[in-house]
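Taking it in order: structure first as structure tokens, then the write-up.
The values are calculated or read from the model by the stated rules, or taken from the named source; none is laboratory data. Everything numeric here is computed off the predicted structure, so don't read it as measured data. All Cβ positions, even for glycine, are placed from backbone atoms using ideal geometry, and neighbour counts span all protein chains on display.
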Amino acid sequence: MLEELGFAISLLVSGASIGLMYALIALGFVLVYKATDAINFAQGEFVMLAAYAGALTIAATFGASIAGAVVGILVAIAVMVAFSFGLERIVLRPLLGRPVVAVIMATIGLAAILRGLPPITPFGAQTKPLPLPISDLPIDLGFATIPPIQLLGVIVSLLCLGVFTWFFMKSRMGVAMRAVADNQQVAMAMGINVERYFAIAWAMAGIVSALGGIIWGSMLGVDTQLALVGLKVFPVVILGGLDSVAGAVIGGLIVGIVESLAAGYLDPYVGGGTKDFAPYVLMIIMLMFKPYGMFGKRKIERI
Amino acid sequence: MFHREAGNFKTTYDSDMALFPLPLAKWAAGFFLLVFTLIVPFSMHEYYLSVFIQIFIAIVGALGLNILVGYTGQISIGHAAFMSVGAYTAANLAVKLGLPFWLTLPAGGLMAAFIGAIVGIPSLRIKGTYLAIATLASQLIIEWIINHTPAISGGAAASIEVPRPSLFGYQLKSPRELYYFTLFFVVIAIVCTMNLVRSRIGRAFVAIRDQDIAAEIIGINIFRYKLLAFAISSFYAGVCGVLYTYYYSIANYEAFQIVVSIDYLAMIIIGGLGSVLGTILGAIFVTALPYAIREAVNLVGGYIWDTAALSAVAASMKLVIFGALIIFFLVVEPEGLARLWRNIRNYFRVWPFSY
């Protein structure tokens, strides 16, 4: 009995920590959707690109040291911000005002490009390590153990949640961004530079993706498979609501825990793979009954 | 198709909506039919015939997707999953019950249509982004179910070997015979689609695409037509999957993964959303391009990449070029190759007296 309880608790803890790391990636998605109404189907590829930038920089400079990690993170952030700015400018701005299908397809195309790039560049297709100066030994919390990298992911994720909640609630820019999200024309009439805020939203998504890329890349190793993490973003954001920062975190927690429980309890019966499957079933149920998620804003359509 | 407008006055709705508005269009269609039935199969090498077969199969699937995305405006990222439903249905019927292809083919299509209609149910409440994500989920869920149900997938490798189709006791084996087999179905698919989109159903689809609330107000039953669009589109996908299965004589889920869904989306976007001609052009382009890329990579790739990695390089190159083309067409020419063709045609229509 006690052993079973311990098993359940360890599943819950690992699920929750992985879930918060999903939330970090989902946050990039939510930030863009919230401000610009654009769907980023390439979020996983963003994370992959950031991880490549981090891994290659760390390998080229100081290796697995604190200096290396700092340089790697800074370069990853710089690369992602530049990339997001460029993307917004070249691809997404011409698509403003076009059907939502166009933006979805453009990001799917972008995802294909990013996934195809590593094997044809000189960096090659083989998996690269992304060493951070932290130990590999699991930390014992008393009731469960957790790898340090996951703990780091949880801390970064919660920090981002705090920062972005504050940003949207209190800062001048955040309020302006909410205004842009709410009604672009009115925001424009109030003297807000809408295009600039679109670019800023993409840049923020780039920063979050860079942090997510460093952490996920360090945990799983850097190759094109890393982009598959992006597939987990959709259940997370649908559960939480596409435009809610807090929803991303809670959706992430739910997805992580469901995944971990499914893997722990169902896998022995159906022969594996429930981990990738359960969140999507949950998501379909959510879409049927509450399509705008737990915290998402309802859209009222007018002709 | 080709136009000469002088002296062509339409006095009835029937003539305005005719399948071939001009005699020239009829001749052109006849010409192409002649080329593809008599000249191509006897003048081409078998290697090129196999490319043609794949193009034909792709046209069937892409037409289905274009009915859904291009005409009805409901995005689907799960098209390949419906193909796999058709493929596995037909494969199981053909192997376990020994049914001939003229029964398994519609059965595969109907099964896919049924599953497609179920997947389409959420489209009544959600649209755009949410629908895209829902269809993505159905792609992953269908893939997982097929893969984890030995009764459907036929065991560990999730693949079923299927005998080639036989007609009146004669088994179609050579590429030329399979060429005619697929050509027959692609002609049917094209004619059906052209007729569908100019019918009452097709116009209801277009009304839903343009503004679904307005369509509902003018009396179109949204519930019925959205589900119908999903069912019809999935029927085409199912038939496409069955044709793949018979052509490769194996049903394997790896041929129907999410990448394939994206290939089909690329076909209709590059070709032109809401255009039958565009679908055909897009299917030709997207199916033939990997062959061209592979040739090019094999030709010059040895100087740049490791020779052992060339096939992986060609696959990645395909992804990059497809992605770039999707973005290029979306940004620069949203109406795709069909629009380019129309521009060329309009230029030559009054050429050389364009003023």
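One table, with the values for the structure above:
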| read-out | value |
| --- | --- |
| Candidates B:VAL297, B:VAL286 - the one that is surrounded by 21 or more Cβ atoms within 10 Å (Cβ to Cβ), more than 28 Å from B:GLY70 (Cα to Cα) and touching a Leu at 6+ places or on another chain (Cβ under 9 Å) | B:VAL297 |
| Residue that is surrounded by the most Cβ atoms within 10 Å (Cβ to Cβ), among those in region B:130-157 that are among the hydroxyl-bearing types (Ser, Thr, Tyr) and modelled with pLDDT under 85 | B:TYR130 |
| Test set (1) β-branched (Val, Ile, Thr); (2) surrounded by fewer than 24 Cβ atoms within 10 Å (Cβ to Cβ); (3) in contact (Cβ under 8 Å) with a residue 24 or more places away in the chain; (4) out of contact with any strand residue (DSSP E or B) (no Cβ under 9 Å at 6 or more places or on another chain) - B:ILE39 fails condition number | (3) |
| Test: A:VAL101 is out of contact with any Lys or Arg (no Cβ under 7 Å at 6 or more places or on another chain) and more than 14 Å from chain B (Cβ to nearest Cβ) | no |
| Single match in B:PHE185, B:PHE168, B:PHE230, B:PHE181 (criterion: closer than 25 Å to B:ALA137 by Cα and among the aromatic types (Phe, Trp, Tyr)) | B:PHE230 |
| Selection from region B:148-182 of residues that are of a type in the set (A, V, I, L, M) and on the phi > 0 side of the Ramachandran plot | B:ALA158 |
| Residue, nearest to B:THR129 (Cα to Cα), within region A:255-275, restricted to residues that are facing chain B (nearest Cβ under 10 Å) and surrounded by fewer than 18 Cβ atoms within 10 Å (Cβ to Cβ) | A:GLY273 |
| Test: residue in region A:206-221 that is within 22 Å of A:LEU95 (Cα to Cα) and surrounded by 18 or more Cβ atoms within 10 Å (Cβ to Cβ) | yes |
| Residue tally, condition within 12 Å of another protein chain (Cβ to nearest Cβ) and either more than 14 Å from the chain's Cα centre (by Cα) or part of a helix (DSSP H, G or I) (or both), over region B:268-285 | 3 |
| Top-ranked residue of region B:138-157 - restricted to ones that are over 21 Å from the mean Cα position of the chain (by Cα) and at the interface with another protein chain (Cβ under 7 Å from one of its Cβ atoms), ranked as farthest from B:GLN211 (Cα to Cα) | B:HIS148 |
| From B:ILE121, B:ILE160, residue being of a type in the set (A, V, I, L, M), within 9 Å of chain A (Cβ to nearest Cβ) and surrounded by fewer than 23 Cβ atoms within 10 Å (Cβ to Cβ) | B:ILE121 |
| Only one of A:ILE39, A:ILE58 that is under 16 Å from the mean Cα position of the chain (by Cα), at pLDDT below 85 and crowded, with 24+ Cβ neighbours inside 10 Å | A:ILE39 |
| Region A:112-124 - residue that is more than 7 Å from every other protein chain (Cβ to nearest Cβ) and out of contact with any Pro (no Cβ under 9 Å at 6 or more places or on another chain) and, of those, farthest from A:ALA181 (Cα to Cα) | A:PRO122 |
| Subset of region A:20-44 (residues that are away from chain B (no Cβ under 12 Å) and hydroxyl-bearing (Ser, Thr, Tyr)) | A:TYR22, A:THR36 |
| Filtered residues of region A:245-297 (kept if hydroxyl-bearing (Ser, Thr, Tyr) and touching a helix residue (DSSP H, G or I) at 6+ places or on another chain (Cβ under 7 Å)) | A:SER260, A:THR274, A:TYR280 |
